[in-house]
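What follows is calculated from the coordinates using simple rules that are stated; it is not laboratory data. Because the structure is a prediction, the values reported are computed rather than measured. Because the Cβ atoms are built from the backbone with ideal geometry, glycine has one as well, and the counts that use them run over all protein chains shown.
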């Protein structure tokens, strides 16, 4: 067995493309990259964001995470659907990957990323009466589709 290699995921994709993501001996400011990676892990391990919004908050708390909306402004301009994390006085950004899930504390809903952030819609509840069977089938169908949307069930082949 050879020596073990430790790899650290960096939040900045351009930095990863330029350098290997492992901290090599003699690498300039390797402590910075390690500390930054640990801050990102601290922020994302709970897999929760404060809320989905288009504008950065005026006074964010250290380590707070936000899901950037569809029409971002200010420091977030051009970063649609990314996750913004306030670390050390500046914003760090993470691009979502297919299958990623986060809990939105603002809307109290689980969001799933697949070409955009989606929350499962609540299906209509059958109201009873003569069409109970039809309404129940429709509600179950809506529920299955909602669960499919957030990745609980695989998408049906076309």
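Test of understanding: ordering 143, 41 by Cβ neighbours within 10 Å, fewest first, what list do you get?
In order of increasing Cβ crowding within 10 Å: 41, 143.
Along Cα→Cβ, 7 Å out, is where each label goes; now give me the distance between the ones at residue 77 and residue 140 in nm to one decimal.
Result for the modelled spin labels: 5.3 nm.
Under a point spin-label approximation (7 Å from Cα along Cα-to-Cβ), what is the residue 62-residue 37 distance to one decimal in nm?
Going from the residue 62 label point to the residue 37 one covers 2.1 nm.
What is the spin-label model distance, in nm, from residue 54 to residue 97 if the labels are put 7 Å beyond Cα along the C-beta direction?
Computed distance between label sites residue 54 and residue 97 equals 3.0 nm.
What shape does region 38-126 take by its C-alpha gyration tensor, where a ≥ b ≥ c are the square roots of the eigenvalues and a/c under 1.5 counts as rounded, a/b above b/c as prolate, and the rest as oblate?
Prolate is the answer for region 38-126, as a/c is 1.5 or above and a/b outweighs b/c.
Figure the gain on full extension for residue 90 and residue 114 (residue separation times 0.36 nm, minus the Cα-Cα span) and round it to one decimal in nm.
Length gained, residue 90 through residue 114: 5.9 nm.
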